[in-house]
Amino acid sequence: MNLASIQAAESKLLLNTYERSPYLFVSGKGVFLEDETGAQFLDLLSGIGVSALGYGHPAVEQAIAQQSTRLLHTSNLFFHEGTANLALRLAEISGMDRVFFCNSGTEAWEAALKVARAHATKAREDGKRLGTKFLALEHSFHGRTMGSVATTHKEKYRLPFAPVMPDVEFVRFNDIADLRVKFSEDVCGICLEALQGEGGINPVSQEFFATARELCNSTGALLLVDEIQSGLGRTGKWFAYQHYGIQPDITTLAKPLAGGVPMGAMLCLERAASAITPGMHGTTFGGGPLACAVAIAVIDTMRNDNLLAHIEEVGGYFKSQLQTLKEQHESVVDVRGLGLMLGIELNSAELAKQVATQMMERRIIINRTSETVLRFLPPYVLEKKHVDMAIDALNDTLKANKELAGVAPAGEKVHG
Ligand SMILES: Cc1ncc(COP(=O)(O)O)c(C=O)c1O
């Protein structure tokens, strides 16, 4: 099937959830994807933050090949060799005590919400006053299932499915006074992304994060930090919360964890974990032998190849080049992010849309989020020469579309 026939068939057969760009990718190597005509695309998005080691990485290929000849699935009724080995690594890098494995980001976040509710239920049984309410942040994104979407700020994602999980209140981003006013003993958990992804690459402030931790400590509520986009090295540390020196009670991982094989994980401290007993939560596929083997290979490769330092170096270079771009173009109003989770905010949604489209036509994959933000989530193996390619193309594209700067917002791009 060629691109046109696939498009025609999908438009009839698939649920109408995605606005796909008209490109058909068939393979990839390193930081490049190849389409059906053999054209190479520099990928600065890595499948929305997933293909962390790039494409065709030998460690990932070998882990898949080896595990596929041994065992793909056992269910969680039995043991296999991968789970404990992977959990050990995750506990080491996160400072957490226990892990629950699942298959996607939203499932990891659902597990986080359920643990927080179960923890509060147990606290009440023990005679403490802890309610059922969650505080989440404006511009947050935590996923699409009924609990995750209830803690996701954008109404477009939430309202058509009402009633979603009740008892969620949104706090203005980085507004400590608003957080303090909305926090009480009714709250079982505060939810945040240390560095918001879909919301437009927005870092929470040190003071806001510290206040959230302090408020949770004051009542026994839990601090839930979603690292599905920012976690596992993307920001130059294993977890974005480590930049703040603040340990959450619960964190979640998914996207890059198994290098492209679907996998999620909820990690928590013992005080949160102790609320869960057998049968309260579970999954058929979560933590299967294949996903575990690949995730172990991803983490070991990151350690052996010193990728955190590489991310910091190349990410720092990328950010400095984006800052130079900002000095050259009035339409660039802000440069944000850490490591290889970066964004530039433009002063026009129409300009952002055009730049993203035209970068794609120039065979460089970037993404627009939150209307005006161009987002970069490249594979961790990106090199400075790739950054230079991207900056040259961005410079040209921003120049070529100067007339769009400052124009009213364009239609919203649906999050994939
Ligand atoms: C911070 C964050 N949380 C949760 C999710 C949901 O993950 P998934 O699409 O794997 O369900 C995403 C996806 O973009 C995300 O960025």
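We did not get these values from a lab; they are worked out from the coordinates using the rules stated. It should be emphasised that the depicted structure is a prediction, and the values quoted were computed from it without experimental measurement. Every residue, glycine as well, gets a Cβ built from its backbone with ideal geometry; the counts of neighbours run over all protein chains shown.
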Tell me which residues, restricted to the stretch 115-135, are buried (at least 22 other Cβ atoms within 10 Å of the Cβ) and not in a helix (DSSP H, G or I). Leu130, Phe134, Leu135
Tell me, yes or no, whether the stretch 13-20 has at least one residue that is over 24 Å from the mean Cα position of the chain (by Cα), of a type outside the set (D, E, K, R) and part of a strand (DSSP E or B). no
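One line per residue, one yes/no per condition, for (1) more than 16 Å from the ligand (Cβ to nearest atom); (2) buried (at least 16 other Cβ atoms within 10 Å of the Cβ); (3) within 23 Å of the chain's Cα centre (by Cα); (4) of a type outside the set (A, V, I, L, M):
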site	(1), (2), (3), (4)
Val168	no, yes, yes, no
Val181	yes, no, no, no
Glu207	yes, no, yes, yes
Asp226	no, yes, yes, yes
Name the pairs whose Cβ atoms lie under 6 Å apart, with the first residue in the stretch 96-107 and more than 10 Å from the ligand (Cβ to nearest atom), the second in a helix (DSSP H, G or I) and not polar (S, T, N, Q), and 6 or more positions between them or separate chains? Asp97/Glu270; Arg98/Ala273; Val99/Ala87; Val99/Leu90; Phe100/Ala111
Which ranges mark the helices (runs of 4 or more DSSP H) fully within the stretch 306-416 that have 3 or more residues being among the acidic types (Asp, Glu) and touching a Pro at 6+ places or on another chain (Cβ under 8 Å)? none
Quick check on Pro256: is it over 15 Å from the mean Cα position of the chain (by Cα), under 30 Å from Pro378 (Cα atoms), surrounded by 24 or more Cβ atoms within 10 Å (Cβ to Cβ) and within 14 Å of the ligand (Cβ to nearest atom)? no
Note on the stretch 17-39: residues surrounded by 14 or more Cβ atoms within 10 Å (Cβ to Cβ), out of contact with any Leu (no Cβ under 7 Å at 6 or more places or on another chain), touching a residue at least 12 places away in the same chain (Cβ under 8 Å) and not aromatic (Phe, Trp, Tyr) are Gly28, Gly30, Leu33
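Every residue in the stretch 314-343 that is more than 19 Å from Gly49 (Cβ to Cβ) and charged (D, E, K, R), please.
Quick first cut of the stretch 314-343, residues more than 19 Å from Gly49 (Cβ to Cβ) only: 317, 320-321, 323-334.
Passing the criteria: Lys326, Glu327, Glu330, Asp334.
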Test each condition in (1) polar (S, T, N, Q); (2) more than 22 Å from Glu193 (Cβ to Cβ); (3) surrounded by 17 or more Cβ atoms within 10 Å (Cβ to Cβ) for Thr251 and report the one that comes out false. (2)
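Here is a yes/no grid of residues against (1) in contact with a strand residue (DSSP E or B) (Cβ under 8 Å, 6 or more places away or on another chain); (2) part of a loop (DSSP other than H, G, I, E, B); (3) over 30 Å from Ala291 (Cβ atoms):
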{"residue": "Gly147", "(1), (2), (3)": "no, no, no"}
{"residue": "Lys156", "(1), (2), (3)": "no, no, yes"}
{"residue": "Val164", "(1), (2), (3)": "no, yes, no"}
{"residue": "Phe170", "(1), (2), (3)": "yes, no, yes"}
{"residue": "Glu185", "(1), (2), (3)": "no, yes, yes"}
{"residue": "Glu207", "(1), (2), (3)": "no, no, yes"}
{"residue": "Leu232", "(1), (2), (3)": "yes, yes, no"}
{"residue": "Gln242", "(1), (2), (3)": "no, no, no"}
{"residue": "Gly245", "(1), (2), (3)": "no, yes, yes"}
Before we move on, is Ala150 of a type in the set (A, V, I, L, M) and more than 16 Å from the ligand (Cβ to nearest atom)? no
Does Phe141 satisfy the condition of being within 15 Å of the ligand (Cβ to nearest atom), of a type in the set (Phe, Trp, Tyr) and crowded, with 19+ Cβ neighbours inside 10 Å? yes
